[in-house]
Amino acid sequence: MLQASALTKYYGSIPAVQDVTFDLKGGQVLGCVGPNGSGKSTTVKMITGLLDPSRGQVLFRGQDIHSDLVGFRKNLGYVPEEPNLYPYLSGREYLEMVGILRRIPQPRLGKKVDDLMELLSLHASRHSSMASYSKGMRQRVLLIAALLDDPEVLVLDEPLSGLDVSSALILKNLIRALGQQGKAIFYCSHVLEIVERVCSHLLILRSGAVLASGPTGDIQKRLGHDSLEGTFHHLVEDVDPIKVTRDILDVIRGA
Amino acid sequence: MIQLSSISAKWDAYVCEPFPVLVRLSITRIVHGSNASEEDELNISMGVLLVLLAIPGGFVSIFLFDKYGSFLQWLRGQTGFDPLAAAFPDEYFFIVLSMAVTGGVAVWWWDSIFPDRRDFSNLVHLPLPTSSIFLANSTAILILTGVCTIDVNAASAVLFPLIVGGAQTSFGFVARFAGVHALVVVTASIFSFFAVFAIAGLLMLLLPYRFFRRVSLYVRTAIATVLLASVATSFAIPNIIRELPRSPQSPVRFLPSAWFLCFCQSLHGRSADALTRLGHVAIIAVLCACALSAITYTVAYQRCFIRLPELAGAPAGTLGRGTSWSFRLFDQFFRTPFQCAGYRFVLKTILRNEAHALTMGGFFSLGIVFASHAMLSAVNGNRISALPTAPVLSIPLILGYCLAVGLRIVFDVPAYIQANWIFRFLLDTNARETVTLTRRIVLCSVAGILLPALWIYAYFWGWIIALWHITVVVICFLLLTEIVFSGFCKVPFTCTYPLFQPAAVVCVIGYALGFFGFAIVMSEFEDEALARPLTRVIFLAVMLAVWYIAHRLNRIFVDRDKHLIFEDRPGAYFDVLHLSDDG
């Protein structure tokens, strides 16, 4: 459903992403992991059409997304990394605005917004200014906004950030369920345990390049690790966490 | 009735379409400001803003009743009163006022006129063509310009012609005067708004985005100063414009406000050729400002908004590298660790936080305008006298007063209030170091004015006079900080907004009277004291005594029971005395 071929992005002369290629089919949940600065966010921005690639292209149902960006975005739900919402709107006002901009008919929109806010425990504060929302509440608002129009493709950039335990549990189950319904889900996260549990496929990035990609189980089996954490450290980490910990303790004591 | 209801139903359906929703969102963003982030930010609603903008025009019109009232003219024995000639300077004042207020609004909305990062992250991934965001924002700007222009000029457009034409028997005169006045002030407002908008767009186009953010702060302050200066000089300029036909090379011909006054005069059929030509410049200037702002906005939208992720992805700039030496200069003055950390925090917040820098810039600009006015009135055709006159003596007092009051007000404006937990966590609320910190910061800032002032006074009037005057000024500032910062028990910028609304008018009047007493009356006293050496010594001694008494009273009665606060709550209206409790 969503293909990236040889995606490359340069900021000036600095390469942020180089030759990232993957094929995300309906029903798959593709987990994108990598350390800070590995190019995850740039990749997300390119596959959502927010950023033009320097080279390569993103295809949706075989067509370049830039040939019909509005058409592609009708089928796209996106949760950005930062819950940067309008503080002078209430949660309900914001979601209604998103619904109108997505051209969801009015009576259906109001009911859908209310139902989703109720289910994600936002109903009581639906008329409060979003400036008073906690990070988790803002994240839930963004999640509802992404799901509002029942999109074919979901791009989630750190969606569990700030969520409480029960909301995180609901979201994990929801992602799995949406995958089973045939949605294509691109899931970007630092939390390896959740990626391991939720994602059927993996895309591991480091310094803007793909280190490994394929079904989660296959990658783990290939590298001989039981957990994704072991696989990740094997592929990505070039620092010894134990040594760094020791060094930090030394500096603290020295201070 | 049926038609009305169907129109209403169609309108209701239309406002739920994506485009009007986007327009509404853009209007809200512009009014609230793009930096509006939290509940604690100062949020002025559109209604309050409109009332505030309409007040100056209305008040000034009412004050002019004294000049145009026929009964008062009769009492003064004025006959053959020519209302158009009499209205010449007032018309100029209204033009300048409308330009200053509308331009000031554009400067205030500078950052929010263009769609920002928040708009990008919320809107661009939705199934909307980016051109619709552009069009919606353009529509919002046009609506707000229209509303703002009408609002700023509405009161004067109605009241001023009625007052000017009150003594006239012909309704035609009043109607014609009203039409011309309204047209001129509205075009002047439109010019002012779009000229500021065009400057913002041009800077955005010419400078790299990050550099634009830094430079725009200084440009906004400079524009605000120019606008204030134009209001402050509005009483002198009309006489120079009157002389323009005789001296056509006068630099006043470059003033936009002069173009609009000439435009007004040519519409009244009262202008000479030179003035008519300047009147045409006004029309061309309005068209140019509108065209330039439209072009720069369109290109800036393409270059900056659409490319926001590219700009965000570029390597970040650095802050504060190589500036630590400047802080080390003052380390001796701020002795304790809290004071050292505190003044660095204060200076960095004022210099880097836009709202604070703008507020301080506004006060300092006000100081420069008043000081320039004092200097002009002192040197206007006069030779330098043996002793400095009162206006000359008042210059450091004016600048310092504006700086001190600006700091006092800006310290009350919170900066990212959520971050104050670190001060709550680390500081002892019973320690009263903040009082010392804030007073020392003010005195350090004023020192920046006093050192060059000392040199200038010494150059013109010798070291004895210079040292005596600067000593008097320093004592005045010590006294001023005692009064202005009395009971101030906060770390600057870390406390919630004070509940200032009930006392706002009293505060404004207090600061205005304080300015008069501190800068004008004090310099007159000083001028008197300068004449006799013995009086100089007595004056100095009295000043010192007054300061010492104020200082002691503050310590004994005001600062004694104060604790460091982070939330400014009103005191209880009554206390429960628990009279029934045992013991």
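Odds and ends about this structure:
- Hits in the stretch A:33-48 (condition: buried (at least 21 other Cβ atoms within 10 Å of the Cβ) and more than 7 Å from every other protein chain (Cβ to nearest Cβ)): A:33, A:34, A:38, A:39, A:40, A:41, A:43, A:44, A:46, A:47
- Scan the stretch A:94-104 for residues that are farther than 23 Å from residue A:158 by Cα and more than 10 Å from every other protein chain (Cβ to nearest Cβ) and the total you get is 1.
- Restricted to helices (runs of 4 or more DSSP H) entirely inside the stretch A:116-224, those with at least 1 residues that are in contact with a Phe, Trp or Tyr (Cβ under 9 Å, 6 or more places away or on another chain) are A:135-147, A:165-180, A:192-198.
- Meets criteria (open to solvent by 30 Å² or more (accessible area, probe 1.4 Å), among the aliphatic types (A, V, I, L, M), at pLDDT 75 or above and over 18 Å from residue B:215 (Cβ atoms)) for residue B:368: yes
- Restricting attention to the stretch B:167-223, the residues that are in contact with a Gly (Cβ under 9 Å, 6 or more places away or on another chain) and polar (S, T, N, Q) total 3.
- The requirement of being surrounded by 18 or more Cβ atoms within 10 Å (Cβ to Cβ) and modelled with pLDDT of 80 or more is fulfilled nowhere in the stretch B:166-173; no residue meets it.
- Note on the stretch B:229-254: residues that are among the aliphatic types (A, V, I, L, M), open to solvent by 60 Å² or more (accessible area, probe 1.4 Å) and touching a residue at least 24 places away in the same chain (Cβ under 8 Å) amount to 0.
Residue-by-condition table, conditions (1) part of a helix (DSSP H, G or I); (2) surrounded by 21 or more Cβ atoms within 10 Å (Cβ to Cβ); (3) in contact (Cβ under 8 Å) with a residue 12 or more places away in the chain; (4) touching a helix residue (DSSP H, G or I) at 6+ places or on another chain (Cβ under 7 Å):
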| residue | (1), (2), (3), (4) |
| --- | --- |
| B:479 | yes, no, yes, yes |
| B:489 | no, no, yes, yes |
| B:492 | no, yes, yes, yes |
| B:508 | yes, no, no, no |
| B:513 | yes, no, no, no |
| B:518 | yes, yes, yes, yes |
| B:526 | yes, yes, yes, yes |
| B:539 | yes, no, yes, yes |
| B:545 | yes, no, no, no |
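- Scanning the stretch A:14-27 for residues that are out of contact with any Gly (no Cβ under 6 Å at 6 or more places or on another chain) and either of a type outside the set (D, E, K, R) or part of a strand (DSSP E or B) (or both) yields A:14, A:19, A:20, A:21, A:22, A:23, A:24.
- Conditions (1) open to solvent by less than 30 Å² (accessible area, probe 1.4 Å); (2) touching an Asp or Glu at 6+ places or on another chain (Cβ under 6 Å); number of the one not met by residue A:81: (1)
- Some residue of the stretch B:298-308 being farther than 30 Å from residue B:528 by Cα, assigned to a helix (DSSP H, G or I), modelled with pLDDT of 85 or more and open to solvent by 50 Å² or more (accessible area, probe 1.4 Å): yes
- Filter pass, residue A:53 being open to solvent by 10 Å² or more (accessible area, probe 1.4 Å), more than 8 Å from every other protein chain (Cβ to nearest Cβ), assigned to a loop (DSSP other than H, G, I, E, B) and over 29 Å from residue A:173 (Cβ atoms): yes
- Out of A:57, A:3, A:18, one residue alone is under 17 Å from the mean Cα position of the chain (by Cα), over 17 Å from residue B:130 (Cα atoms) and of a type outside the set (D, E, K, R). It is A:3.
- Filtered by the rule that a residue be touching a residue at least 60 places away in the same chain (Cβ under 8 Å) and hydrophobic (A, V, I, L, M, F, W, C), the stretch B:125-152 gives B:128, B:133, B:134, B:135, B:136, B:140, B:141, B:143, B:144, B:147, B:148, B:152.
- Residues in the stretch B:59-89 that are surrounded by fewer than 16 Cβ atoms within 10 Å (Cβ to Cβ) and under 23 Å from the mean Cα position of the chain (by Cα) were compared, and the one that is modelled with the highest pLDDT is B:59.
- Scanning the stretch A:77-94 for residues that are in contact with a Leu (Cβ under 9 Å, 6 or more places away or on another chain) and not in a loop (DSSP other than H, G, I, E, B) yields A:77, A:78, A:79, A:91, A:92, A:94.
- The listed residues are B:555, B:569, B:560, and the only one of them that is in a helix (DSSP H, G or I), basic (Lys, Arg) and at pLDDT below 80 turns out to be B:555.
- Pick from the stretch A:6-32, criterion surrounded by fewer than 16 Cβ atoms within 10 Å (Cβ to Cβ) and more than 14 Å from chain B (Cβ to nearest Cβ), ranking: farthest from residue A:58 (Cα to Cα): A:27
- Long-range neighbours under 6 Å by Cβ, at least six apart or interchain, first residue within 17 Å of residue B:522 (Cα to Cα) and in the same structural domain as residue B:537 (by TED's automatic domain parsing) within the stretch B:457-469, second surrounded by 19 or more Cβ atoms within 10 Å (Cβ to Cβ) and of a type in the set (Phe, Trp, Tyr): B:466/B:457; B:469/B:457
- Scan of the stretch A:73-93 for residues that are within 8 Å of chain B (Cβ to nearest Cβ), without any contact (Cβ under 8 Å) to a residue 60 or more places away in the chain and under 22 Å from the mean Cα position of the chain (by Cα), ordered by number: A:73, A:82, A:84, A:85, A:86
- Total residues in the stretch A:28-47, condition at pLDDT below 90 and either in a loop (DSSP other than H, G, I, E, B) or among the acidic types (Asp, Glu) (or both): 6
- Residue B:340 meets each of the listed conditions (1) more than 20 Å from residue B:519 (Cβ to Cβ); (2) modelled with pLDDT under 85; (3) open to solvent by 40 Å² or more (accessible area, probe 1.4 Å) apart from (3).
- Of the residues B:113, B:133, the single one that is crowded, with 18+ Cβ neighbours inside 10 Å, away from chain A (no Cβ under 14 Å) and among the aliphatic types (A, V, I, L, M) is B:113.
The values are calculated or read from the model by the stated rules, or taken from the named source; none is laboratory data. Note that the structure is predicted; figures quoted are calculated from it, not measured. FYI the Cβ positions are ideal-geometry reconstructions off the backbone, even for glycines, and counts take in every protein chain you see. Calculation scope for accessible area: heavy atoms of the full protein, side chains included, ligands and nucleic acids excluded. Shrake-Rupley method; radii C 1.70, N 1.55, O 1.52, S 1.80 Å.
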